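This report refers to the structure that appears directly beneath it.
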4 protein chains.
Amino acid sequence: MVALVGICGSLRKASLNRALLKAVSETLPEGVTMRLLDGMLELPIFNSDLAEPAAVTALKDAIAGAAGVVFAVPEYNYSIPGGLKNALDWVSRPPPSSPLRGKPCALVGAASGMSGTIRAQAHMRHMLVFSDSPCMNQPEVLIPRAHERFDAEGTLTDESTRALLQRFGVAFTAFVARHRT
Amino acid sequence: MVALVGICGSLRKASLNRALLKAVSETLPEGVTMRLLDGMLELPIFNSDLAEPAAVTALKDAIAGAAGVVFAVPEYNYSIPGGLKNALDWVSRPPPSSPLRGKPCALVGAASGMSGTIRAQAHMRHMLVFSDSPCMNQPEVLIPRAHERFDAEGTLTDESTRALLQRFGVAFTAFVARHRT
Amino acid sequence: MVALVGICGSLRKASLNRALLKAVSETLPEGVTMRLLDGMLELPIFNSDLAEPAAVTALKDAIAGAAGVVFAVPEYNYSIPGGLKNALDWVSRPPPSSPLRGKPCALVGAASGMSGTIRAQAHMRHMLVFSDSPCMNQPEVLIPRAHERFDAEGTLTDESTRALLQRFGVAFTAFVARHRT
Amino acid sequence: MVALVGICGSLRKASLNRALLKAVSETLPEGVTMRLLDGMLELPIFNSDLAEPAAVTALKDAIAGAAGVVFAVPEYNYSIPGGLKNALDWVSRPPPSSPLRGKPCALVGAASGMSGTIRAQAHMRHMLVFSDSPCMNQPEVLIPRAHERFDAEGTLTDESTRALLQRFGVAFTAFVARHRT
């Protein structure tokens, strides 16, 4: 059994990125599960003068216990959401003991426009170099016009996207196995 | 009179970036002032389901009333702090009426290592393309080994840095004048 | 009269980016012209041991004589073409006398996929910070599925793209005027 | 035996990046060798209208036959040299059969300034996502003030740099082993 966690960068109830992450969790290969860490980004703004909040410790533990992490990365202002970045700021410190160190990661993203979160994912990949987190290259999951691919309940209705997610799940399972130490 | 505002991306009391911003404010040309918007990044995590908090409206008003904005950009995880990004996420919405639209901006950054916040500033420039905010190219203020350039009270003690900040102030004053509509 | 030059990053005969640049030149406001600097990227690979080739001097002169530069930026390997980068390497040296210094620039790009050269343009903007070249933020011209928008002769057939190019031309004309020293 | 190749992005005779690559080759663990592919970047400017030049085929074969590739990445205009990018443009096509696909890569870079090629390496990492080439995250080899660390013959004289290169060699050897299919 391979147990992943999924982190959605949006706090919106009707987030297309949470819907995408749910679709990822439903298309994983047999023997692989993904638990959504919902509600864990509502943290104080990072400040190294503060003691680590309990919610940060809980997020660190959840990542530490997972075989890999899938981030759903909405694009705000051509980068990742501040809330997701803030969580990374907490979780990556202190660097030597961060649960992100060496942790296999992958990115997915959905947007209503054409770019499919390309810019946000590029920034996020750069951040994961700092935390020394291997991040899968391909297949990239960049979903443009995402509002046309999910129904009102957030269920994926587009078959080509489902096929992409299935390839993603197979590739990430192999990626996680390769990076097991 | 030209009235700028300065926004520091770090919440730490002893932040070198706040010290740098203070040094910027003290080396501006005559007739130019800069007010530090301290404490304005402690905002809820952005969520478009929420109504705009009063603290966001106050930050928007401060930016709207300024001739230009100087951001001090610490580097966390090879990007800008989550708290600064979160403030941008709030302030840039809705895009057509964001006070960042057309607002002249410039970046400065200090770090204890060698890179001087190069990566964070690169990401920040990219974000300002989204908000259609002209961002001054040169001179770049990237201060490496910053802990050696300020004393314990946060006062700049390095003359070459002071000379750079003076050139920065002159250049940004001209940049602001050029972008006045 | 405002005289611009256009530089296409692709050497292909049937380049969609050259077609796009041609369409830009045909939608500029009255009183603004753009000359395509075709064939000027076939330069030796940059090597500072070499004397400056005559073709580089010619390219520098063409840029120096223009009121602004429009670059058409194809995306190869998630960045700008090596040939375009090589031309920048030549033209930007020595930095103090580079014709790119202070020269108003704008980017356009076309691709057959969905991303419309987003990544290449992000890299190119970063390069223009080095050469201290003001680069217009908005409107961005990122043309996805470009092969559906031009006919076999490279003539633009898509009206929404034409409208975007018209807004681009108006905005860049104002941008050039603002940066005239 | 593990046989790597090294590719230097500079054509200059006295290139600090070639000197760095030579130092890398001399500090690899026992059983690991690295052959410098010198002179292989002097290629025609990429143009998909052209047939593949013999020099490109030779470069592809050298990469295909290696267990991994170390790129020495000088920084020109805040990105990688046009000549190196041009070589990538050739070598990465057609994508399905590119020798870069799945090939373990690592970056090193030297500069006379303080940044140590940070920006160029960030761009290069992004390009390797396109070619689906795993690129080692850490340790990063970013050598600032490089002219003080090599003698006139290009021999590394700085012991802290040598120690970094030794850690780099050990880490890349493990990285190559992990990515062997």
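The values are calculated or read from the model by the stated rules, or taken from the named source; none is laboratory data. Please read all numbers here as calculations on a predicted model, not as lab measurements. Reconstructed Cβ throughout: ideal geometry from the backbone, glycine too, with neighbour counts over all protein chains shown.
Quick notes on this one:
- Those residues of the stretch A:77-89 which are assigned to a helix (DSSP H, G or I) and either out of contact with any Pro (no Cβ under 8 Å at 6 or more places or on another chain) or under 22 Å from residue C:119 (Cβ atoms) (or both), in sequence order: A:82, A:83, A:84, A:85, A:87, A:88
- Enumeration of residues in the stretch A:49-76 that are more than 9 Å from every other protein chain (Cβ to nearest Cβ) and part of a strand (DSSP E or B): A:68, A:69, A:70, A:71, A:72
- Selection of the stretch B:94-103 for residues being more than 10 Å from chain A (Cβ to nearest Cβ) and either over 23 Å from residue A:10 (Cα atoms) or assigned to a helix (DSSP H, G or I) (or both) yields B:96, B:97, B:99, B:101, B:102, B:103.
- Restricting A:109, A:169 to those that are buried (at least 24 other Cβ atoms within 10 Å of the Cβ) and outside any loop (DSSP other than H, G, I, E, B) reduces the list to A:109.
- Among residues of the stretch D:1-17 that are among the hydroxyl-bearing types (Ser, Thr, Tyr), those with a Cβ under 7 angstrom from a residue that is surrounded by 20 or more Cβ atoms within 10 Å (Cβ to Cβ) and not in a loop (DSSP other than H, G, I, E, B), sequence gap 6+ or separate chain, pair up as D:10/D:17; D:10/D:18; D:15/D:8.
- Some residue of the stretch B:99-106 being closer than 22 Å to residue A:76 by Cβ, surrounded by fewer than 16 Cβ atoms within 10 Å (Cβ to Cβ) and at pLDDT 95 or above: yes
The rows are residues; the columns are (1) touching a Phe, Trp or Tyr at 6+ places or on another chain (Cβ under 6 Å); (2) at pLDDT below 95; (3) of a type in the set (A, V, I, L, M, F, W, C).
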site	(1), (2), (3)
B:113	no, yes, no
B:121	no, no, no
B:126	yes, no, no
B:144	no, no, no
B:149	no, no, no
B:157	no, no, no
B:162	no, no, no
B:173	no, no, no
B:181	no, yes, no
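- For the stretch B:77-93, the condition of being over 15 Å from the mean Cα position of the chain (by Cα), more than 7 Å from chain A (Cβ to nearest Cβ) and either on the phi < 0 side of the Ramachandran plot or crowded, with 22+ Cβ neighbours inside 10 Å (or both) holds for at least one residue.
- One residue alone among C:23, C:58 is at pLDDT 95 or above and either within 30 Å of residue D:40 (Cα to Cα) or over 17 Å from the mean Cα position of the chain (by Cα) (or both), and that residue is C:58.
- Members of the stretch B:32-76 that are more than 24 Å from residue B:119 (Cα to Cα) and touching a residue at least 40 places away in the same chain (Cβ under 8 Å): B:32, B:43, B:48, B:62, B:63, B:65, B:66, B:67
- For the stretch C:121-161, a tally of residues being exposed (fewer than 15 other Cβ atoms within 10 Å of the Cβ) and among the charged types (D, E, K, R) returns 5.
- Residues being within 12 Å of chain B (Cβ to nearest Cβ), in a helix (DSSP H, G or I) and among the charged types (D, E, K, R) - total across the stretch A:113-161: 2
- Residue in the stretch D:30-48 that is crowded, with 21+ Cβ neighbours inside 10 Å, in contact with a strand residue (DSSP E or B) (Cβ under 8 Å, 6 or more places away or on another chain) and away from every other protein chain (no Cβ under 12 Å) present: yes
- Checking the stretch C:21-36 against the condition returns no match, with no residue being part of a helix (DSSP H, G or I), touching a Ser or Thr at 6+ places or on another chain (Cβ under 7 Å) and basic (Lys, Arg).
- Single condition residue D:9 does not satisfy, out of (1) more than 16 Å from residue C:48 (Cβ to Cβ); (2) among the small types (Gly, Ala, Ser); (3) buried (at least 18 other Cβ atoms within 10 Å of the Cβ): (1)
- For the stretch C:140-168, a tally of residues being in contact (Cβ under 8 Å) with a residue 60 or more places away in the chain, over 12 Å from residue C:27 (Cβ atoms) and touching a Lys or Arg at 6+ places or on another chain (Cβ under 9 Å) returns 3.
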